[in-house]
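The values are calculated or read from the model by the stated rules, or taken from the named source; none is laboratory data. Here the structure is a predicted model, which means the values were calculated and not measured. As a convention, Cβ positions derive from the backbone with ideal geometry for all residues, glycine included, and neighbour counts pool all protein chains shown.
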Amino acid sequence: MRQINSNYSDPLNIVWTELSKQLGFDIVRDPEVFAAFDGVRVLRIGTPETLDPDDSLGQMVLHELCHALVEGPEAMRTPDWGLDFDNPSHRAHEFATLRLQASFADHVAMRDFFASTTDFRWYFDLIPNDSLHSRVDPDSVSRVLGSSVSLVQESELSLSDLESVFADDRSAIDMAQKGRLTAHREKWLEPIMVAINRTASLATVIREIAPDGSIWKL
């Protein structure tokens, strides 16, 4: 029997696991969760078979790091960043996280690759190019809530929620900007951008030969 001295590791997983270690987090794959932070060091991420086909560890980790940045330094020592996703008042926090996530992805034109796969994908898709400053287009929001209910039914939104959506959007811009400043102050910005750029390098190599339907084609 031959001696096995090495094993295969997914390159994208290596990039984002290494980033997590740099920032003080251990990634644990757990089929019992989507994503959960213990408030100390362990960031649990669902296993591939329990996540959506277009999820990747890179997108999942980036999203959680953006949550941490939006909520601030104290939240980095609080379970699930201090968030309760059953609380409607936390919707603006999710919006802000998605805006910050888009801003990082836009540095390498990979917003679709790093796109949200949660029930708030409808909002992510409406974020303007200037994700840290520009408000979502009111007409676009109206069209989504008015004629594409299937996209947002999990969030229980309707046309009557328009004003609250716009209010949360305004709050999200401010929170996302503060999150970006926190990334700079906490010295997270450079490591995150290194991981983003490494992911872009992988995409450059793979995109041309990736099969149709692969997120590497995005």
**Prompt:** Has the stretch 131-138 got any residue that is of a type in the set (Ser, Thr, Tyr), within 18 Å of Leu189 (Cα to Cα) and in contact with a Ser or Thr (Cβ under 8 Å, 6 or more places away or on another chain)?
**Reply:** yes
**Message:** Need pairs with beta-carbon distance below 8 Å; first residue free of Cβ contacts under 8 Å to residues at least 60 places away in the same chain and assigned to a helix (DSSP H, G or I) and within the stretch 189-218, second of a type outside the set (Gly, Ala, Ser) and surrounded by 16 or more Cβ atoms within 10 Å (Cβ to Cβ); sequence gap 6+ or separate chains.
**Reply:** Leu189/Arg180; Ile206/Trp216
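Give the residues of the stretch 176-195 that are hydrophobic (A, V, I, L, M, F, W, C) and within 15 Å of His63 (Cβ to Cβ), sorted by residue number.
Ala176, Ala183, Trp188, Ile192, Ala195 - these are the residues of the stretch 176-195 that are hydrophobic (A, V, I, L, M, F, W, C) and within 15 Å of His63 (Cβ to Cβ).
How many residues, within the stretch 190-202, are surrounded by fewer than 20 Cβ atoms within 10 Å (Cβ to Cβ) and over 12 Å from Gln101 (Cα atoms)? Walk me through how you get there before you give the answer.
Keep residues of the stretch 190-202 that are surrounded by fewer than 20 Cβ atoms within 10 Å (Cβ to Cβ), which gives 190-191, 193-194, 197-198, 200-202.
Still in the list and also over 12 Å from Gln101 (Cα atoms): 190-191, 194, 197-198, 200-202.
Selection size over the stretch 190-202: 8.
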**Request:** Being under 24 Å from Asp86 (Cβ atoms), at pLDDT below 80, of a type in the set (S, T, N, Q) and part of a helix (DSSP H, G or I) is the filter here, so list the residues in the stretch 138-188 that pass it.
**Result:** Ser150, Gln153, Ser155, Ser160
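Pick out the one residue from Pro11, Pro88 that is in contact (Cβ under 8 Å) with a residue 60 or more places away in the chain and either over 20 Å from Arg198 (Cβ atoms) or in contact with a Leu (Cβ under 7 Å, 6 or more places away or on another chain) (or both).
One residue alone meets the criteria, Pro11.
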**Message:** Can you tell me which of (1) of a type outside the set (Ser, Thr, Tyr); (2) farther than 26 Å from Asn129 by Cα; (3) loosely packed, with under 13 Cβ neighbours inside 10 Å is the one Ala109 doesn't meet?
**Reply:** (2)
